[in-house]
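Visitor: I have a structure I would like to understand better, so I am pasting it below and will then ask my questions one at a time.
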Amino acid sequence: AIGIKRAEKTLGYAATSVSSEDICKARESSLMNSLQGKVAGVVVSGGGGTPGASTKVILRGYSSLSGSNNPLYIVDGTPIDNGTAIGNGTDFGNGANSINPDDVENVTILKGAAATALYGSRAANGVIMITTKSGKGAKEKGIKVEYTTNFTYTNFLRLPQFQNVFGQGWSGHFAYEENGSWGPKFDGKIRKWGAVYNNSQQIKPFVALESNVADFYETGVGRTNTLSLSGGDEKRNFYFSYANNYEDGVLPS
């Protein structure tokens, strides 16, 4: 926090580190999602099925009912804004998720008042310190080239249970326009369905479509390609990387 380095065993507070190997083991496209299940007391929850949606991280539970419970994010010693970008009802993600996991050397999580006091009031809910890779200490002569690629497939875990006994309508009566499930029991008879459009109306059997919600979703596919160049000596070092990420979520289109 103030340019002082200390050995982990001399610290009087909890400081848990996650290495780059552990972060990239599951090949998540989101850095914050990579922390799920790796650190005690850290709860990671993702957004909806939107690719690149924001991720919420809570350290040691909620401490405020009205204020923010988000920890402070420090990248290479610099605080960043991890606010969620939302536009036209779409979650475009938050700042920490824009960091490529392949560029991260390690993540250190500070919990407790003694640790967070180093960074002031903004760190009241903990600190997530992200250290990115560099060419420093490279033993190989010349330029080190690394290329990684991975594919991910996403599907929903479970769906809410729906009743398949009663059809559309209200108070036990069938209604063309309504989508409420309080109509009469399904009887399999051919009925008109839906509102009149262009002087026509749909006709279909009055039966339950048990997998209509499950059939709506698709299998999400994601792929990430990262190319990095690094090198250096005792006096100079460099690290350059380029990453391309593409995700197609579980929602159609």
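Visitor: For the stretch 47-63, state whether one or more residues are among the polar types (S, T, N, Q), open to solvent by less than 50 Å² (accessible area, probe 1.4 Å), more than 27 Å from residue 244 (Cβ to Cβ) and over 13 Å from the mean Cα position of the chain (by Cα). Outline the logic, then answer.
Guide: Step one: filter the stretch 47-63 for residues among the polar types (S, T, N, Q), giving 50, 54-55, 63.
Filter again for open to solvent by less than 50 Å² (accessible area, probe 1.4 Å), leaving 54-55.
Filter again for more than 27 Å from residue 244 (Cβ to Cβ), leaving none.
No.
Visitor: Moving to a separate point now. Scan the stretch 186-193 and tell me whether some residue there is more than 26 Å from the chain's Cα centre (by Cα), of a type outside the set (A, V, I, L, M), open to solvent by less than 100 Å² (accessible area, probe 1.4 Å) and modelled with pLDDT under 90.
Guide: yes
Visitor: Return only the number of the condition from (1) open to solvent by 60 Å² or more (accessible area, probe 1.4 Å); (2) part of a strand (DSSP E or B); (3) more than 22 Å from residue 24 (Cβ to Cβ) that residue 240 does not satisfy.
Guide: (3)
Visitor: Just one of (1) surrounded by 20 or more Cβ atoms within 10 Å (Cβ to Cβ); (2) polar (S, T, N, Q); (3) part of a loop (DSSP other than H, G, I, E, B) trips up residue 134, so point out which.
Guide: (1)
Visitor: Now a separate question. Residue by residue through the stretch 64-105, note down the ones that are of a type in the set (S, T, N, Q) and either open to solvent by 80 Å² or more (accessible area, probe 1.4 Å) or part of a strand (DSSP E or B) (or both).
Guide: 66, 78, 84, 88, 90, 94, 98 - these are the residues of the stretch 64-105 that are of a type in the set (S, T, N, Q) and either open to solvent by 80 Å² or more (accessible area, probe 1.4 Å) or part of a strand (DSSP E or B) (or both).
Visitor: Also: Condition first: hydroxyl-bearing (Ser, Thr, Tyr), under 30 Å from residue 146 (Cβ atoms) and surrounded by fewer than 17 Cβ atoms within 10 Å (Cβ to Cβ). Can you find one or more residues in the stretch 106-124 that meet it?
Guide: Taking every residue of the stretch 106-124 in turn, none turns out to be hydroxyl-bearing (Ser, Thr, Tyr), under 30 Å from residue 146 (Cβ atoms) and surrounded by fewer than 17 Cβ atoms within 10 Å (Cβ to Cβ).
Visitor: Looking at residue 128 and the list (1) more than 17 Å from the chain's Cα centre (by Cα); (2) at pLDDT 90 or above, which single condition is not satisfied?
Guide: (1)
Visitor: Against the definition (touching a residue at least 40 places away in the same chain (Cβ under 8 Å) and among the charged types (D, E, K, R)), how does residue 234 come out, yes or no?
Guide: Details: touching a residue at least 40 places away in the same chain (Cβ under 8 Å): no; among the charged types (D, E, K, R): yes.
So residue 234 does not fit the description; no.
The values are calculated or read from the model by the stated rules, or taken from the named source; none is laboratory data. Not measured: the values here are computed from a predicted model. Note that each Cβ is placed from the backbone with ideal geometry, even for glycine, and that neighbours are counted across all protein chains shown. Surface accessibility is based on the protein's heavy atoms, side chains included, excluding ligands, DNA and RNA. Shrake-Rupley method; radii C 1.70, N 1.55, O 1.52, S 1.80 Å.
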